[in-house]
């Protein structure tokens, strides 16, 4: 049997080329999967924060409906909402982002509107641009507002 060292070397190079090609394909697919996974995680975080904001707003409106006779009711309700937001998801809601519309008498509605800035929730770079993209990708920017109303109860 005749041994051809040249062919053996050639087949070895082809194997190395295939391994390199596989590694390159894996790297390209991994980048896309990683971007998709991070996008899904970011979406889940934003959805969680949005639901927490809705829950805090409902709790604040319910608390306002039950405690509507206190002379310092605005301050008490704002403090309650801020404490609840901090306990849920560490949301930071300043006083000027909480609006309370009181009804005139028992049986009227009290409406609580809470606005929260969601920019600090995003961990992905907002406005990043990949080569070949016409415009930068913006996942979410700005404030999220939620409102809830309850019937005021008497003392």
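One decimal place: the segment residue 109-residue 151 gains 14.7 nm when fully extended, by the rule 0.36 nm per residue minus the C-alpha distance. Rounded, prolate or oblate: which fits the stretch 19-61, taking a ≥ b ≥ c as square roots of the Cα gyration tensor eigenvalues, rounded meaning a/c under 1.5, else prolate when a/b beats b/c? It comes out prolate by the Cα gyration axes.
Compared with the alpha-carbon gap, the fully stretched path from residue 43 to residue 83 is longer by 11.9 nm at 0.36 nm per residue. In terms of packing, defined here as the mean over residues of other Cβ atoms within 10 angstrom, the peptides 18-27, 35-44, 98-107, 50-59 line up highest first as 50-59, 98-107, 35-44, 18-27. Computed over the stretch 12-114, the quotient of the alpha carbon radius of gyration and 2.2 N^0.38 Å is 1.99.
Where a number appears in this text, it was derived from the coordinates with a stated rule and is not lab data. This structure is a prediction, so every number in the text was calculated from the model and none was measured. Note: ideal-geometry Cβ built from the backbone for every residue, glycine included; neighbour counts use all protein chains shown.
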